[in-house]
Amino acid sequence: MLVEPGVTQIGRRGLDLDGWGDLSVWGWDSQAGTLFAQLWRDRDDEEDANEEDGEHPEVWITPPAWEATGQPEVLARWIAEATGSSVATVLRAMAQSVPGQIGDTLIAHVPQG
């Protein structure tokens with residue numbers, strides 16, 4: 001598996017997406033050796049009180065359900081697919097959470113137009 005330089009140093013980062021930003025995270029899982037995302041849909045307090053399984057993400061992008069990847073752009077496409085967000089929106093949210101070269105690379109992959 002090809003791993004983009006610097007990806008293994010990302011750790012766990014917040015993912016500020018409309019409708020998904022309160023608890024959602026993405027990052028590098030050093031034990032599994034892959035990028036991952038844990039996505040929770042935002043809820044108001046009343047919904048939280050009625051939610052029985054609120055401690056588990058609605059979408060967990062990690063093997064074996066999803067292929068292992070070391071490419072943030074691939075993870076961004078999968079997050080977009082799972083959330084209904086555009087790939088450009090996901091790439092921007094990921095870039096905002098990680099400074100430096102990885103963030104710059106993510107912004108460079110935002111589709112133009």
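No lab work stands behind these numbers, since they all come straight from the coordinates. Because the structure is predicted, anything quoted here is derived from the model rather than measured. As a convention, Cβ positions derive from the backbone with ideal geometry for all residues, glycine included, and neighbour counts pool all protein chains shown.
Our estimate of slack between D16 and M1, defined as 0.36 nm per intervening residue step minus the Cα-Cα distance, is 2.7 nm. Taking a ≥ b ≥ c as the square roots of the eigenvalues of the Cα gyration tensor, region 7-108 is prolate, since a/c reaches 1.5 or more and a/b is larger than b/c. Summary value for the chain: 25 percent relative contact order, contacts being C-alpha pairs under 8 angstrom separated by 6+ residues.
Listing M94, M1 from fewest to most neighbouring C-beta atoms within 10 Å gives M1, M94. Applied to region 34-42, the Karplus parametrisation 6.51 cos²θ - 1.76 cosθ + 1.60 on θ = phi - 60° returns per-residue 3J(HN,Hα) values of 7, 6, 8, 9, 10, 10, 10, 6, 5 Hz, with x for Gly and Pro. Each Lys and Arg adds +1 at its Cβ and each Asp and Glu adds -1 at its Cβ; summed about the Cα centre, the chain shows a dipole of about 820 debye.
For region 75-80, putting each phi into the Karplus relation 6.51 cos²θ - 1.76 cosθ + 1.60 with θ = phi - 60° gives couplings of 4, 4, 4, 5, 5, 4 Hz, in residue order, rounded to whole numbers and with x for Gly and Pro.
Estimated purely from DSSP H runs of n ≥ 4, each contributing -39500 (n - 2.57), the mean residue ellipticity at 222 nm for the chain is -9500 deg cm²/dmol once divided by its residues.
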